[in-house]
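Here the structure is laid out as structure tokens; the discussion comes afterwards.
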Amino acid sequence: MALNRIKVLRGDITKLTNVEAIVNAANESLLGGGGVDGSIHRAAGPQLLDECRGLHGCKTGQAKITKGYKLPARYVIHTVGPRYSTGSRERSEELLRSAYRSSLECAKSNSITSIAFPSISTGIYGYPITEACKVAVSTVREFLEQNEETNVTFVLFSQGDLQVYEQHLSQL
Ligand code: AR6
């Protein structure tokens with residue numbers, strides 16, 4: 001069952017040792033920033049930024065892969081979620097779904113079967129956590145139903161966010 005291949009935990013995604021790829025909640029430049037993006041670049045070291053420079057950015061809702069350098073995870077999949085304040089709610093949801101979906105497809109095309117996600121767009125980009133959680137879980141679940149070898153971990157930074165995920169998953 002797909003739900004059995006979804007894990008949630010509270011922690012710092014840069015410290016995860018048991019996944020092949022971690023996802024970065026980046027911006028369209030792919031040249032670093034604050035939040036989880038800043039932490040990933042700090043932990044990976046300057047070679048990550050060098051490789052990102054060669055990618056020439058990433059559109060909102062899409063994803064690009066790099067190596068993980070000094071991170072325990074072998075790869076980083078950089079995706080860009082929507083800024084919640086700009087555009088309609090429907091468009092934001094579509095773009096958030098696309099960010100998760102593109103990250104999963106990117107992993108698949110690189111033969112990666114274990115992936116960890118932070119809560120994309122719910123920090124600096126302002127997407128409400130309860131709404132974002134539903135989009136994240138439903139997009140991942142749908143993908144896992146078609147891809148039986150894949151495992152996904154959601155890594156939440158705060159106790160409150162963890163509770164939102166645990167509660168939502170327990171209702172499915
Ligand atoms: N591990 C796991 N989750 C984390 C970590 C961490 N080390 N650090 C923060 N979070 P945000 P966004 C959580 O703001 O909303 C950057 O400047 C955080 O608590 O990192 O997609 C980019 O360059 C929140 O729940 O990403 C973009 O400009 C979640 O990760 C912009 O922020 C996402 O928060 C993207 O904004």
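What helices does the chain hold that run 24 Å or longer along their axis, going by alpha-carbon atoms, with a Kyte-Doolittle average of -0.5 or more, using DSSP H for the helix calls?
Both cut-offs are met by 129-146.
If each DSSP helix of 4+ residues adds -39,500 (n - 2.57) and the sum is divided by the residues in the chain, what number results at 222 nm, nearest 500 deg cm²/dmol? Mind dumping the intermediate values first?
Details: 5 runs with 69 residues, N = 172.
-13000 deg cm²/dmol, from helical runs alone.
Multiplying the sequence separation of LEU3 and GLU90 by 0.36 nm and subtracting their Cα-Cα distance, what value in nm do you get? Present the calculation step by step, with values, prior to reporting the outcome.
Working: separation 87, 0.36 × 87 = 31.32 nm, distance 2.55 nm.
The LEU3-GLU90 span can extend by a further 28.8 nm.
Around VAL76, under 15 Å between beta carbons, what's the net of Lys plus Arg minus Asp minus Glu among the other residues?
Summing Lys/Arg as +1 and Asp/Glu as -1 gives +2.
Based on DSSP, what percent of beta bridges with both residues in segment 2-170 are antiparallel, to the nearest 5?
25 percent
Explain nothing, just the number: dipole magnitude of segment 2-170 about its Cα centre with +1 on each Lys and Arg Cβ and -1 on each Asp and Glu Cβ, in debye rounded to the nearest 20.
With Lys and Arg at +1 and Asp and Glu at -1, about 280 debye.
Express in whole angstrom the spacing between the alpha-carbon centres of segment 12-69 and segment 144-164.
Their Cα centres are 19 Å away from one another.
Once you order the gyration tensor axes a ≥ b ≥ c over the Cα atoms, which shape class does segment 2-170 get: rounded for a/c under 1.5, otherwise prolate or oblate by comparing a/b with b/c?
Details: a/c = 1.39, a/b = 1.16, b/c = 1.20.
Here segment 2-170 falls in the rounded category.
Within the chain, how many Lys pairs that are eight or more residues apart, or on different chains, come under 18 Å at the alpha-carbon?
6
Do any GluC sites (Glu not before Pro) in segment 3-90 lie in a loop, going by DSSP, with at most 11 other beta-carbon atoms within 10 Å of their beta carbon, and if so which? Don't skip to the end; give the middle numbers.
Numbers: sites: GLU20, GLU28, GLU51, GLU90; in loops: GLU20, GLU28.
Passing sites in segment 3-90 are GLU28.
No lab work stands behind these numbers, since they all come straight from the coordinates. Note that the coordinates shown come from a computational prediction; the quantities given were computed from them, not determined experimentally. We place every Cβ from the backbone using ideal geometry, glycine too, and count neighbours over all the protein chains shown.
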